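Taking it in order: structure first as structure tokens, then the write-up.
The values are calculated or read from the model by the stated rules, or taken from the named source; none is laboratory data. Since the structure is predicted, the reported quantities are computational estimates derived from the model, not experimental observations. Heads up, the Cβs are rebuilt from the backbone with ideal geometry, glycines too, and the neighbour counts pull from every protein chain shown.
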Amino acid sequence: MRSTDNNAWQPTSWQVRKAQQQPVYDDAAQLERAVADLARLPPIVVSWEIEKLRSHLAAAQRGEAFLLQGGDCAETFADCESDHLAKQLKVLLQMSLVLLQAMKRPVIRVGRFAGQYAKPRSADTETRNGVSLPAYRGDLVNRPEFSAEARRADPQLLLRGYERAALTLNFIRALVDGGFADLHHPEYWDLGFMRDAPLREAYERIVHSIGDALDFFESLTGQRVGDANHVEFFASHEGLHLLYEQAQTRYIARQERWYNLSTHMPWIGMRTAQLDGAHVEYFRGIANPVGVKISAGMSDEWLQELVAVLNPNNQPGRLTLIHRFGVKEIEQHLPRVIEAVRRTGQTVLWTCDPMHGNTETTSAGVKTRRFENIMRELDLSFRIHRELGSILGGVHIELTGEDVTECTGGARGLTDADLQRAYKSQVDPRLNCEQALELAMLIAERSKQST
Ligand code: PEP
Ligand code: CO
């Protein structure tokens, strides 16, 4: 059955479909109460912000803006504290500044934050020393410690997650409004531990050139540059836990549409993009801009049908396709999927997630990613889109403003042996601040060469 057969969409319509990756709760009444409580709480974002983001994404689709989407693989409740959040904001700001200066087009900043608490897992259970327990599915569901108590899916965590999301966005909004993100004062965002001297110097040159350009313009015109002292940030997360998403879905009478007000831009992960599945059914009914991860296992027909179901009116900015093939498979699959979408006559925003197709396990059993593979996948993405007359309008990166050692390579040449030093992620390995900034500089360099 096609997802569009039933047009009487409701936030609960997905419940008759098969929902992958949902936790099993042992107390239905408790769950129902938590979802009802969540549905009564005020929204985290509002519809006009969502519409604004959609119009920015429409510009990115035309090549007039560039989407920088990034943040933790999984936020944790413990990381909902000022230092971690300020650092996330800083590294995204720094990267966006580097991209802005090179690309000469607006950079749309979308964090993987304020709701990135639910994770898909490859197995429902985890076994250690002969004991099997439910897998850790993110702080919205259960806790990572390996005990029956910690791994029990607890409905109260839905409320705790919503509260953390609201606290996170509240702090980010306050920082941004308070001038933290003022392009006149990029020194505020200095992360301090950029040790690689050439990288630091290159970054400082960019910062100065932007400061000089702003000063020049402002002294010439006698006016402050419009948005320069107030950059925008938007929130996004994987729309995985459908009861959480459903509870924050509201009908906005003025717009005559349903919105998911838990975030600006939810996306469908690779494991939940089935055409007849619950996630696609839920996502087709909300008016937010939505993303879908695209992997090698997705056929042309599947992709074409997704585009038709998720964006039947070909609305600009509505649909972002986030390809994540990995460096080994991108050349085989990206041209195919670009052509498949082209044949639908629809336009989408293409972005590249160079992280999730490049995860590997070291001989010591540690999950990592190599900087060179991440960069190479990005290079190939830019090249293939350009050769096919398509536009790569953004990147999707797992990163942290902290000085972790989770991905190898980069300017400081981290090796497998360094991974044990500061590996903090419970799930996927993230670029650290220095690697993230280096990536932005390399993208910036390539984009200069190709124009
Ligand atoms: C993620 O973005 O953290 C993720 C799980 O990605 P994917 O769905 O592409 O595997
Ligand atoms: Co991840």
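Laid out as a table, the results:
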quantity	calculated
Filter result (within 17 Å of the chain's Cα centre (by Cα) and part of a loop (DSSP other than H, G, I, E, B)) within region 81-115	F113, A114, G115
Residues (of a type in the set (A, V, I, L, M, F, W, C), away from ligand 2 (no atom under 15 Å from the Cβ) and in a loop (DSSP other than H, G, I, E, B)) located in region 341-358	V348
Members of region 125-165 found to be farther than 30 Å from T351 by Cβ and either within 14 Å of ligand 1 (Cβ to nearest atom) or assigned to a loop (DSSP other than H, G, I, E, B) (or both), listed by number	N129, G130, N142, R143, E145, F146, S147, R152, A153, D154, P155
Single match in T368, T415, T361 (criterion: over 18 Å from L92 (Cβ atoms), over 17 Å from the mean Cα position of the chain (by Cα) and away from ligand 2 (no atom under 16 Å from the Cβ))	T415
Residue identified as touching a helix residue (DSSP H, G or I) at 6+ places or on another chain (Cβ under 9 Å), buried (at least 24 other Cβ atoms within 10 Å of the Cβ), aliphatic (A, V, I, L, M) and more than 23 Å from M355 (Cα to Cα) among V141, V98	V141
Residue count, region 34-76 (criterion: assigned to a helix (DSSP H, G or I) and either of a type outside the set (S, T, Y) or within 16 Å of ligand 1 (Cβ to nearest atom) (or both))	20
Count - residues of region 109-138 that are within 25 Å of F233 (Cα to Cα) and either surrounded by 24 or more Cβ atoms within 10 Å (Cβ to Cβ) or within 16 Å of ligand 2 (Cβ to nearest atom) (or both)	11
T76 within 26 Å of the chain's Cα centre (by Cα), exposed (fewer than 14 other Cβ atoms within 10 Å of the Cβ) and at negative phi	no
Considering residues of region 390-427 that are assigned to a loop (DSSP other than H, G, I, E, B) and among the aliphatic types (A, V, I, L, M) only, the residue nearest to ligand 1 (Cβ to nearest atom)	V427
Pairs, first under 19 Å from R109 (Cα atoms) and in contact (Cβ under 8 Å) with a residue 60 or more places away in the chain in region 376-403, second among the hydroxyl-bearing types (S, T, Y) and part of a loop (DSSP other than H, G, I, E, B), C-beta under 9 Å, six or more apart	E398/S425; T400/S425
Candidate set: region 357-379, residues that are under 26 Å from R62 (Cα atoms) and within 15 Å of ligand 1 (Cβ to nearest atom); chosen: the one surrounded by the fewest Cβ atoms within 10 Å (Cβ to Cβ)	E377
Residue among D139, D124 that is without any contact (Cβ under 8 Å) to a residue 12 or more places away in the chain and of a type in the set (D, E)	D124
Q255 vs. criteria away from ligand 2 (no atom under 16 Å from the Cβ), at pLDDT below 95, in contact with a helix residue (DSSP H, G or I) (Cβ under 7 Å, 6 or more places away or on another chain) and over 22 Å from G357 (Cβ atoms)	yes
Exclusive hit being among the hydrophobic types (A, V, I, L, M, F, W, C), more than 16 Å from S236 (Cβ to Cβ) and either away from ligand 2 (no atom under 16 Å from the Cβ) or touching a residue at least 60 places away in the same chain (Cβ under 8 Å) (or both), set V337, V290	V337
Which numbered condition T344 fails, given (1) surrounded by 20 or more Cβ atoms within 10 Å (Cβ to Cβ); (2) more than 15 Å from ligand 1 (Cβ to nearest atom)	(1)
